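The values are calculated or read from the model by the stated rules, or taken from the named source; none is laboratory data. Here the structure is a predicted model, which is why all the values come from computation and not from measurement. Please note: Cβ atoms are built from the backbone with ideal geometry, for glycine as well, and neighbour counts cover all protein chains shown. Each accessible area value is taken on the protein alone, full model and side chains, heavy atoms only, with ligands, DNA and RNA left out. Shrake-Rupley method; radii C 1.70, N 1.55, O 1.52, S 1.80 Å.
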Amino acid sequence: MAKKYFIKTFGCQMNVYDSARMADSLASSGYASSDVPNNADIVVLNTCHIREKAAEKVYSELGRLRQLKAEKRETDGGRMLIAVAGCVAQAEGEEILARAPYVDIVLGPQTYHRLPALVEQVLRDDSGPAIDIDFPAEDKFDHLPEESAPQGVSAFLTIQEGCDRFCTFCVVPYTRGAEQSRPVEAIVAEARRLVASGSREITLLGQNVNAFHGLGPDGRDWGLGRLIRQLAEIDGLCRLRYTTSHPRDMDDELVEAHRDVPQLMPFLHLPVQSGSDRILAAMNRRHTAYEYRSLVDRLRQVRPDIALSSDFIVGFPGETNEDFAATLRLVNDIGYVQAYSFKYSARPGTPASAAEDHVPEEMRRDRLETLQQLLRVQQDAFNREQMGKTLSVLIEGEGREEGQLVGRSPFLHPVHFSGPKHRIGYVADIRIDEVLSNSLRGAIAEPTDATAVATQQSALV
Ligand code: 5AD
Ligand code: SF4
């Protein structure tokens with residue numbers, strides 16, 4: 001029987017992508033995937049270090065795995081290897097082995113292509129745990145097998161990793177290292193393979209994705225706008241998205257791609273973190289609230305239906321009531337359709353963690369609640385506006401109810417409606433007739449005249 005692996009992913013979409021690639025590399029070494037950790041021969045935790053809570057989750061999970069590891073030994077005399085991968089591994093390295101000595105492998109995000117070799121080494125040498133948290137000179141993408149499992153209708157593709165921005169609260173520049181972009185040809189080839197395997201939407205991923213500057217086929221560096229235009233040429237690729245962006249890296253070429261490329265969805269995650277210039281400066285964001293507002297204006301000029309999402313941190317060291325009020329003002333003025341908001345969490349090694357004017361926990365909690373209420377009101381209002389509209393929906397699969405399909409609107413709402421299974425993977429026009437708190441319901445809109453039939457058919461790729 002084939003040996004089995006189980007991977008649990010914490011954190012962002014980059015980690016989801018990385019886990020899929022680790023799965024590919026284990027599969028090419030003969031491992032089969034398992035839906036549960038019990039009895040697996042190797043369990044990988046792909047971890048996140050962005051906030052303290054995320055990092056602590058890893059240790060509680062490790063506690064549970066310790067038990068399973070012991071049970072496996074007792075029941076079938078087998079060995080369960082435990083690997084900690086990702087950003088906690090990168091940041092804490094040896095410390096993980098000190099806190100959880102039953103861990104066998106610690107590997108960082110830049111070395112996960114070496115996972116099968118590390119597994120082999122640990123099993124062969126029996127000389128204790130293996131740690132690999134280098135930032136190697138070789139590119140891991142050159143050493144990974146091609147994707148083995150199709151990702152489905154909507155797929156992720158990492159085009160850029162790491163970050164050179166050094167926001168003062170953020171661990172990413174330390175855990176993921178310096179900004180690195182993949183070459184354009186490798187990205188286009190991967191996108192073509194995804195489309196050939198059935199994907200119709202690709203979300204381009206990077207910690208600071210719009211800082212992308214990959215080597216083009218012409219020997220020059222290409223920006224994200226140019227890459228998007230190139231990818232839009234791929235037949236059968238209906239939708240493109242990218243995340244996560246920094247406002248300072250939003251160049252004209254990319255703004256213009258929002259105007260010119262119909263496949264580029266009118267939804268943009270553009271983190272601002274704070275609406276106060278004083279706090280933005282202390283965060284080293286290198287833009288003001290005014291500059292952010294102007295950028296949003298430019299985006300709305302070229303793509304009036306663009307919907308915005310953002311990240312916010314409340315209670316950054318030194319944040320006063322006035323600073324917080326500026327954030328609320330900015331939210332009110334911009335109008336977000338969705339957002340992630342967090343209490344500031346001091347991260348070891350980051351400049352902000354050394355500050356002396358930390359905001360009391362209670363105040364951070366209250367501010368978060370106030371901000372989230374406002375964001376919820378905006379999100380609900382946006383969702384209600386969809387009532388009666390006809391949205392183009394990329395059908396991703398079957399819903400929970402009999403005969404039901406589920407897809408996503410351009411703005412990422414899950415949309416449920418009745419329809420035949422063979423339409424999965426196609427785009428359909430859905431008239432929205434019910435708005436729920438986190439999803440929409442509707443029905444396939446009947447084309448009303450011959451032109452509509454023609455457009456609908458062309459939308460069906
Ligand atoms: N504390 C709270 N939130 C943080 N983020 C990043 N670092 C921290 C931190 N130290 C948030 C930012 C970022 C998102 C991915 O996580 O809002 O955009
Ligand atoms: Fe972290 Fe994003 Fe700032 Fe880079 S741009 S340091 S990833 S918050």
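Points to keep in mind about this one:
- Whether the stretch 1-115 is rounded, prolate or oblate, judged on the alpha carbon gyration tensor where a/c under 1.5 counts as rounded: oblate
- Which listed pairs, of 8/69; 3/72; 53/140; 4/72, have C-alpha distances above 18 Å, in listed order: 53/140
- Estimated FRET transfer efficiency (residue 278, residue 233; beta-carbon r; R0 51 Å; 0.05): 0.70
- Positive-end ranking of 103, 136, 119 along the dipole of the stretch 86-148, with charges on Cβ about the Cα centre, is headed by 103.
- Nitroxide proxy distance, nm - points 7 Å out along Cα→Cβ at residue 353 and residue 290: 3.6 nm
- For the chain, accessible area per residue (1.4 Å probe, heavy atoms of protein chains only), Å²: 45 Å²
- Taking label positions 7 Å along the Cα-Cβ direction at both residue 421 and residue 35, the computed distance is 1.7 nm, reported to one decimal.
- Cysteines having no other Cys beta carbon under 4.7 Å from their own, within the chain: 12, 48, 87, 163, 238
- Which of 44, 224, 328, positive extreme of dipole for the chain (C-beta unit charges): 328
- Heavy-atom surface analysis with a 1.4 Å probe gives the chain a carbon and sulfur content of 49 percent of its accessible area.
- Net charge dipole size for the chain [Lys, Arg +1 and Asp, Glu -1 on Cβ; Debye, nearest 20]: 580 debye
- Computed helical MRE - 222 nm, the chain, DSSP H runs ≥ 4 contributing -39500 (n - 2.57), nearest 500: -11000 deg cm²/dmol
- Under 26 Å of direct C-alpha separation, and excluding same-chain neighbours fewer than eight residues apart, residue 389 reaches these lysines: 421.
- Full-extension gain in nm, residue 193 to residue 135, via 0.36 nm per residue minus C-alpha separation: 18.1 nm
- Packing around the peptides 412-421, 134-143, taken as the average count of other Cβ atoms within 10 Å per residue, puts them in this order, highest first: 412-421, 134-143.
- Inter-probe distance in nm under a simple model that places probes 7 Å from Cα toward Cβ, at residue 437 and residue 255: 3.8 nm
- Rounded Å value of the spacing that divides the Cα centres of the stretch 39-79 and the stretch 371-409: 36 Å
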